[in-house]
Amino acid sequence: MNQTGVILINGRQEKLAFGTSAYVTQDNVLMSTLSVREAVYYSAHLQLPDTMLASEKRAHAERVIREMGLSDTMDTRIGGRITKGISGGQRKRMSICIEMLTRPRLLFLDEPTSGLDSAASYHVMSHITRVAAREGMTVIAAVHQPSGDVFDLFHGLLLLAYGRMVFFGTVSNATEFFTQSGFPCPHLRNPSDHFLRTINKDFDEGTMESSKANRKTAAEATNILTNAYHSTYSEKTANEIGGTPFRRKEQASFLTKLLVLTRRSFLNMHRDIGYYWMRLGIYLGIGICLGTIFYQVGYSYSSIQSRCEVIMYTTALVTFMAIGGFPSFVEDIKLFRRERLSGHYGVMEFVISNTLSATPYLAVIAVIPGAMMYYLTGLTRGAEHFAYFVATLCMCTLLVESMMIIIAVIVPDFLMGIIIGAGIQGMMMLNGGFFRLPNELPKPVWKYPCYYISFHKYAVQGFYKNEFIGLSFPSDQLIEANATITGLQVLKERLQVEMGYSKWVNLAILFGMMVTYRMIFFVIVKIAEELRLKLRGIRFRRLK
C-alpha cells in the first residue's frame with residue numbers, strides 16, 4: 001500500500017512529542033498478572049511528571065478508572081492465557097483509560113467500541129466526548145457500525161471505501177450530501193447503517209441478483225459519491241487550519257521510570273507461574289535426578305569422567321531450559337512495543353529494568369537446584385568453589401534469556417522462536433569443547449569462529465578449572481600402577497583447557513557476553529525505529 005500526502009498539525013509539519021498524542025490500538029495489550037488498579041497506577045507513575053506527588057498520581061488514576069466505569073473491577077486481575085480476568089470490553093476500556101491519563105491533545109482510537117454492548121459503547125464514547133470538550137482534546141476514532149446514539153456524538157465524519165475518500169465533513173452535511181448524490185437515507189434508519197450499506201462492495205453480486213433493475217451496486221455508488229465529493233462538495237469543507245504548535249509535556253525522569261518498570265516487572269514475574277516458578281520446579285527435579293544418578297562420584301580414576309559429565313549436563317541441558325520462558329518474553333515485548341509507541345519510556349529503561357527484575361529469580365533458580373546437584377554429586381567442597389558454580393550457572397541462564405529476548409524481537413512467534421532458540425543453543429553445545437575436544441574441531445567455521453563465540457566454551461572451561469585445580473586422582477592402574485594424576489594434568493592433557501587465565505576471567509567473559517546480548521537487543525530496536533522513520537521520510541519526499 002502506497003501512502004501519499006503530507007501530515008500537518010495545526011497547519012504545520014511537526015513531530016508528535018510525548019503527551020501531545022496517544023494511540024489506543026485495536027488489540028488490547030496489557031500485563032495480565034496485574035489488577036486494573038495496579039496497571040493504571042504503574043502507568044500513571046510512568047507518564048505523569050515527578051512534580052506530582054505519589055498521592056496525587058494515585059488519586060488521578062482512580063478518577064480516570066471511575067470515569068471509564070471500571071470501579072467494580074479495580075482489584076480484579078486483567079487476566080490472559082492463565083487466568084480469565086476481566087472481559088474483553090473492560091480490557092478495551094482499560095486501554096483507553098491508560099492512554100487518557102495525560103489528557104493528550106490528540107487521541108487516536110482504533111475501534112474503541114469493539115467488544116462493548118450498545119449501552120457501554122455509548123457511555124464510554126460520551127465520557128470521552130465530555131473529557132475532550134473539557135480538556136481541549138481532539139479525538140480521532142475508527143468505528144465500525146456505530147449505534148445511532150454513538151454516531152450523534154461525532155462532530156466530523158470521514159467515510160472510506162477501499163482506500164478512497166467518499167466523504168469528509170460534518171455529520172449533519174453527510175446526510176445532505178448522500179441525498180443530493182441520489183442516495184437518500186430511508187426514514188427511521190440509522191444514518192451510519194445507510195452510509196455503510198451504500199459503499200460496502202463485499203456483497204455486490206448478491207445485491208445485484210436480488211435487487212431491482214434501477215438499483216446501483218456498491219461499486220457504482222462509491223464511484224458516484226467519490227466523484228461528486230471531489231468535484232463539488234470538497235470545496236465547501238476546505239478551510240485554513242491554524243493553531244499554536246504542540247509542546248512536549250513533562251514526564252517522569254529516567255530514574256523514576258527505571259524503578260517503576262523494575263517493580264512492575266518483578267511483580268509480573270512473581271505472579272506468572274510460567275515465568276520462573278515452573279522452571280524452578282523442573283530444575284529441582286533435574287537436580288534430584290542428577291544428584292542421585294551421580295551420587296558421591298568420589299576421587300577414583302573413573303570419577304574424572306563422571307565429573308566432566310555432571311559439568312556438561314549442567315552447562316548444556318540445565319541452561320537449555322531457559323528457553324521455556326520464551327512465551328513470557330514475547331508478551332513482554334508486545335507490551336513494550338505498545339507502550340513505546342505512546343512514548344511511555346525508552347529502550348534503555350526496558351533493558352535495564354528487565355535485567356534487574358530477572359536477576360533475583362535466576363539467582364534462586366541457580367542456588368537451590370545448584371546446591372542439590374553440587375553436594376549430592378560430591379563435587380569439590382569449599383565455599384569459593386560452590387559460589388563460583390552457582391554464579392556461573394546464574395550467568396549462563398541470564399545469558400540465554402538475553403539471547404531469547406533478541407529472538408523475541410525478531411521472531412515474535414511462540415513456536416518459531418522456541419525452534420530457532422533451541423537450534424542456536426544446540427549448535428553452541430556441539431562447539432562447547434565437550435562432545436568434541438577443542439583441538440579436534442574442524443578449524444574452518446566450527447573452531448573459528450563458532451567455538452569462540454559459544455558461551456558453553458567459557459562456562460565449561462570455568463567449571464573444569466573450578467573442579468579439578470587442586471585435586472589428584474589415581475591413574476589408570478592398567479596403564480601405570482601406583483601413580484597419580486593431578487587436576488592440572490587432567491585440564492591440560494585430557495580436556496585441553498586454556499590455562500592462560502583463571503576461572504574468574506571465564507565468568508567475566510560470560511558477563512560480557514550477557515551485556516553484549518542486551519546491547520544487541522537495544523541496537524536492534526533503535527535501528528528498526530530509525531530505519532522506519534528514514535524510509536517513511538524518503539517515501540514522502542519522493543511522493544511530493
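The values are calculated or read from the model by the stated rules, or taken from the named source; none is laboratory data. Computed from a prediction, not measured in an experiment: that's the story for all the values here. Note: ideal-geometry Cβ built from the backbone for every residue, glycine included; neighbour counts use all protein chains shown. Protein only, heavy atoms only, side chains kept; ligands, DNA and RNA dropped before computing areas. Shrake-Rupley method; radii C 1.70, N 1.55, O 1.52, S 1.80 Å.
Scan (1) open to solvent by 30 Å² or more (accessible area, probe 1.4 Å); (2) more than 30 Å from the chain's Cα centre (by Cα) for the single condition Gly298 breaks and write down its number.
Condition not satisfied by Gly298: (1).
Quick grid of which residues meet (1) within 24 Å of the chain's Cα centre (by Cα); (2) outside any helix (DSSP H, G or I); (3) touching a residue at least 12 places away in the same chain (Cβ under 8 Å):
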site: Met31; (1), (2), (3): yes, yes, yes
site: Leu46; (1), (2), (3): yes, no, yes
site: Thr51; (1), (2), (3): no, yes, yes
site: Glu62; (1), (2), (3): no, no, yes
site: Asp72; (1), (2), (3): no, no, no
site: Met94; (1), (2), (3): yes, no, yes
site: Leu107; (1), (2), (3): yes, yes, yes
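Condition check: out of contact with any Cys (no Cβ under 6 Å at 6 or more places or on another chain) and open to solvent by 30 Å² or more (accessible area, probe 1.4 Å). Does Gly169 satisfy that?
no
Please verify whether region 347-361 includes one or more residues that are over 30 Å from Ile527 (Cα atoms), in the same structural domain as Leu510 (by the TED database) and not acidic (Asp, Glu).
In the first step, residues of region 347-361 are kept if they are over 30 Å from Ile527 (Cα atoms); the result is 360-361.
Narrowing further to those that are in the same structural domain as Leu510 (by the TED database): 360-361.
Those still in the list that are not acidic (Asp, Glu) too: 360-361.
Yes.
Just give me the residues in region 245-284 being buried (at least 18 other Cβ atoms within 10 Å of the Cβ) and among the small types (Gly, Ala, Ser), in sequence order.
Answer for region 245-284, where residues must be buried (at least 18 other Cβ atoms within 10 Å of the Cβ) and among the small types (Gly, Ala, Ser): Ala252, Ser265.
Within region 368-423, can you find the residues that are among the β-branched types (Val, Ile, Thr) and not in a helix (DSSP H, G or I)? Please lay out each step first, then the result.
Initially, region 368-423 is screened for residues among the β-branched types (Val, Ile, Thr), giving 368, 377, 380, 390, 392, 397, 400, 405-407, 409-411, 418-420.
If the condition is that a residue be among the β-branched types (Val, Ile, Thr) and not in a helix (DSSP H, G or I), then Thr380, Val411 are the ones that fit.
Restricting to region 150-166, and then to whatever is part of a loop (DSSP other than H, G, I, E, B) and open to solvent by 90 Å² or more (accessible area, probe 1.4 Å), can you tell me which residue is nearest to Asn190 (Cα to Cα)?
Asp152
Quick one: which of Leu101, Leu116 is at pLDDT 85 or above and either open to solvent by 10 Å² or more (accessible area, probe 1.4 Å) or under 27 Å from the mean Cα position of the chain (by Cα) (or both)?
Details: Leu116 fails: at pLDDT 85 or above.
Just a single option satisfies the conditions, and that option is Leu101.
Which ones in region 74-92 are touching a Pro at 6+ places or on another chain (Cβ under 9 Å) and part of a loop (DSSP other than H, G, I, E, B)? Step through it out loud before you land on a result.
Restricting attention to region 74-92, the residues satisfying the condition of being touching a Pro at 6+ places or on another chain (Cβ under 9 Å) are 81, 92.
The answer is Arg81, and nothing else.
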